[in-house]
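What follows is a short report on a single structure.
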Amino acid sequence: MVNVTIDDRAITVPEGTLVIRAAEQLGLYVPRFCDHPYLAPLGACRQCLVEIEGQRKPLTSCTTTVTEGMVVKTQFTSDIAAGAQKGVLELLLINHPLDCPVCDKGGECPLQDQVLAYGPGGSRYREPKRRYVKPVPVSPLVYLDRERCVLCARCTRFASEISGDPFIELFERGALEQVAIFEDQPYESSFSGNVIQICPVGALTDAEFRFKARPFDMTSTPSVCNLCSSGCSLTIQQRRGQIVRVLARDNPDVNEVWTCDKGRFGHAYVQRPERVVEPMIKKEGSFVPVSWAEAVRLIAGRIQTVKANGESAAVLAGARLPDEDAYAVSRFARTILGTNNVDHRLRRGSAEEDAVLPQLMHAEPVEYETLERAKLVVVAGLDPREESPILFLRLRKAALKHRVPIVELQPRRTALARFGARSIRCAPGTEADVLLAAATRLGERGGVDASAVKAHHPSVSALLERCGADADHVYALADLLQRAGSDAVFLAGERLSTSPGALAACWNLAAGLGAKFARVSRRPGAAAAVWTGLHPKLLPGGRLVDNDRERLEVEAAWQTSVPAQPGLDGRSILDGASRGAIGLLYLVAIDPAFDAPDSSLGARALDTSDFIVAHDLLLTESSRRADVLLPAVAVPERAGTFTDWEIRPQTFSPAVGAPGLAEPDWQILSMIAAELGVAFPRSLEDIRREIRSLVRPQGTRTPVLVPDVSIPKSTEHYPFMLLTYPLLLDDGTMMLGANDLMRTADDVFVELNAKDAERIGVEPGESVRVSSQHGAIEAPLRVLRDLPNGSVFIPTNQRGTRVQSLLDSTDAMTFVRVDPADAGRRG
């Protein structure tokens, strides 16, 4: 610790603290432009000059660290400091346009504020100001007014230090220096909106927000992002009932002060004219608006009929629901419909997933800060930049700032490799082989109890031959795991659940080491969906449906009985509905006809179902097929809680009013329960009280059985194994209306490695045809250097095509063939 005096006030701070931070602890604000708490010190703007006793001239407080006995005088007590700061401001204003009335930064501009507080009352400069053509579109989302720039370098430092997208840079020198982009490389980043927010002047502006509102015209509400599982804290700003801007909110534990472009700009869906705004009943093939009372009576009557006739009911709910809604849906299925046929997945479950998820719900959570303290992070079946962007930023920070080794295990190299993460490539569906080979190697050295692996598998050499991974890379992973021990962290993507044996192998390896384990989903409500029991075998808190003791705990909280027989998973529900075996299908914020791995099954199930009730924001492929369509509210229109992938709950409040007669999903279910005369929570606080009563203490982890992995073989006709998952910006419903944002999204593409591309005779950029037994698509080719031989990657749901047409969800893996699109003309 170091003793310092600032403006005649003593303070003790840790050695290495910057003077500007020490002053902040005393409540003393030193003006600045280039300084930012999450960026490296630079001293570019010179605005934070202070007087330090013993120094010949003022020093920049943002780059000067405190020393024992240092005496500092800021602009409040030193004429030298005040004069220096005033001189810097006068120089900045020589070429800065005085266009505050039309500048988007007006009213929240540090330059404006500091000139008023510390600057000269007028300018001595009489010559013409510098002029540039403006605005320059740095990207579809970011506009640059170069004449306003004060060369603080915040934007360029963010691009190089935080996001790792160095396409925006300072060019020229001296009076000609300016921010610009490379002519042949536009500023393409998933985080570009952050440079707008941290710009201290109006140089970088929001293409969508320009000229729409002033800060004093808007109402700001703290909220939480609902577009992925990162859990970013946001501020939603509205004017006259319309969302006009979304900003990242400071939360050091989660997103620090950043958010991705999807969270910042992807809010247009909330106020689309296509919103469902009143209850509707289908009569003679068309929707007819009705009152809530009529819609609720019809649904209640149908529930009574289904139960009286002994028919089956089933519930499918999306993994984007807030915690309270997910809990209400789970409770509604069990206590109102009397069924465990409830799931948030549209695929088939597995025994290993059913064994891991209950334990995960009361295991020690992994937090963002944990990653920065870890000795090793293993990322398996997860593309953080595309599926959880803030997790990507925190992993990048852990690797570059804290020197944490990161190993990614998956078939396709991701953006993690850009900052030195080690990549272990394997064929799609063989992730379990890599993990088992590493565990076996570790067990041979005594690094993990071999019994913890719980698997019967071939030799290490046979595993490596089957998965195609580099033996040296796998052995290096075993070495890293042995050194890290219990300080390792495993991050398992939801895709790992679809790779046979992989989730169990990853869980067992973490448990054997005593390391931490987290499951990271792409969707914001996935963790809460599992915890609240949107799963055919799980009740709230990860309790097992068929465990009498655990089921009785839930029955005591709900004061009613719960079915003891596990229900059908998502795939089986769709199968049953397609055969007419489901008397009532209840859909909450889910679109099986569009999102099911086998989209033809999803559509067929809905077309065959006897009676469908749907809650939704918009008319989707599935809600169009409903017999009763109920208007739900969007996240910015309601209060609630989101639990992110860390299992960190965060509450949010309504920022704008709901359109028409829309209601929260939990309230809709409560109205139906009231019509049936069944006890059900009547308020948000009632739901939260029940959730708190069902929280369980942390438990011990036990290994689960790794199933025997049988990898199907490709055939001569279908020689390629298909890998697919959604990218951050896809053609989903939530992106409706986000036109500028979607201009930054990729169109559909096909990836092969160079050897496979050469073998079939296609060059990068040429169109190829990918076909399976179920369908075919065409898209341009990209060549990815180290994609495994015999593998092809296509993003799941990009503009222009839908990969679901190639899939059959009964198959663990899909094999395809790839041909030149113009094969006939070539022949």
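Overview of results
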| read-out | value |
| --- | --- |
| With eigenvalues of the C-alpha gyration tensor scaled by 5 and rooted, segment 2-94, Å | 21, 15, 11 |
| Rounded percent of accessible protein surface that carbon and sulfur make up, segment 720-826, 1.4 Å probe | 44 |
| Apportionment of accessible area to carbon and sulfur, segment 2-94, percent (1.4 Å) | 51 |
| 10 Å beta-carbon shell around residue 391, net charge (K/R +1, D/E -1) | 0 |
| Area of residue 209 that stays accessible when all protein chains are in place (1.4 Å probe, Å², to 10) | 10 |
| Under 5 Å, built H, 5+ apart or other chain: amide partners of residue 2 | 13, 15 |
| Alpha-carbon centroids, segment 1-77 and segment 484-526: separation in whole Å | 44 |
| Solvent-accessible heavy-atom area per residue, rounded to whole Å², over the chain at 1.4 Å | 39 |
| Overall Cα dimensions of segment 354-522 - principal axes, largest extent first, Å | 38, 33, 30 |
| Calculated P(r) of segment 260-320 - Cα pairs past 20 Å, % | 56 |
| Where 354, 217 fall by accessible area, highest first, once all protein chains stay in place (1.4 Å) | 217, 354 |
| Placed amide H near residue 490: partners under 5 Å, 5+ positions off or other chain | 378, 516, 517, 518 |
| Radius of gyration, Dmax [segment 64-192; alpha carbons; angstrom] | 17.5, 53 |
| Using θ = phi - 60° and Karplus 6.51 cos²θ - 1.76 cosθ + 1.60, couplings along segment 639-646 (whole Hz; Gly, Pro as x) | 9, x, 9, 10, 9, 7, 5, 6 |
| Semi-axis lengths (Å, descending) of the ellipsoid that matches the C-alpha gyration tensor of the chain | 47, 33, 29 |
| Computed Rg/Rh of segment 635-694, alpha carbon atoms with Kirkwood Rh | 1.01 |
| C-alpha center-to-center spacing [segment 167-239, segment 356-415] in angstrom | 26 |
| Residue 65 accessible area, assembled protein chains, probe 1.4 Å, Å² | 60 |
| Eligible lysines near residue 397 by straight Cα distance, threshold 18 Å, same-chain separation 8 or greater | 375 |
| Principal axis dimensions, segment 720-826 - Cα atoms, whole angstrom, descending | 41, 32, 29 |
| Which of 15, 24 is most accessible, then next, and so on - probe 1.4 Å | 15, 24 |
| Sequence-distant lysines (8 or more away, or on other chains) whose Cα lies within less than 26 Å of residue 755 | 713 |
| Estimated Rh, segment 164-253: Kirkwood, alpha-carbon pairs, angstrom | 15.5 |
| Crossing angle, helix 471-484 versus the chain [Cα axis fit, 0-90 degrees, rounded to tens] | 70 |
| Mean-position separation - Cα centroids, segment 259-318 and segment 743-814, in angstrom | 35 |
| Hz values of 3J(HN,Hα) by residue in segment 438-448 - Karplus curve (6.51, -1.76, 1.60), Gly and Pro given as x | 5, 5, 5, 4, 5, x, 4, 9, x, x, 8 |
| Spin-label zone in segment 538-581 - amide nitrogen under 13 Å from a point set 7 Å from the Cα of residue 309 along the C-beta vector | 580-581 |
| Whole-angstrom Cα spans of segment 271-359 along principal axes, big to small | 45, 40, 24 |
| Label-point gap, in nm, between residue 685 and residue 98 - each point 7 angstrom along Cα→Cβ | 5.5 |
| Local electrostatic count, residue 82, Cβ distance below 11 Å [Lys/Arg +1, Asp/Glu -1] | 0 |
| Nearest 10 degrees, 0 to 90: helix 548-558 Cα axis against the chain principal axis | 60 |
| Rounded D (µm²/s) - segment 439-562, Kirkwood Rh over Cα pairs, Stokes-Einstein at 10 °C, 1.306 mPa s | 94 |
| Karplus 3J(HN,Hα) series, Hz, for segment 717-722 with 6.51 cos²θ - 1.76 cosθ + 1.60 (x for Gly, Pro) | 7, 10, x, 10, 8, 8 |
| Sequence of 671, 218, 1 from largest to smallest accessible area, 1.4 Å probe | 1, 671, 218 |
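The values are calculated or read from the model by the stated rules, or taken from the named source; none is laboratory data. Keep in mind that what you see is a predicted model, and the values were worked out from it rather than measured. With ideal geometry, Cβ positions are generated from the backbone for all residues, glycine too; neighbour counts draw on all protein chains shown. Keep in mind that these areas ignore ligands, DNA and RNA; they rest on the heavy atoms of the full protein, side chains included. Shrake-Rupley method; radii C 1.70, N 1.55, O 1.52, S 1.80 Å.
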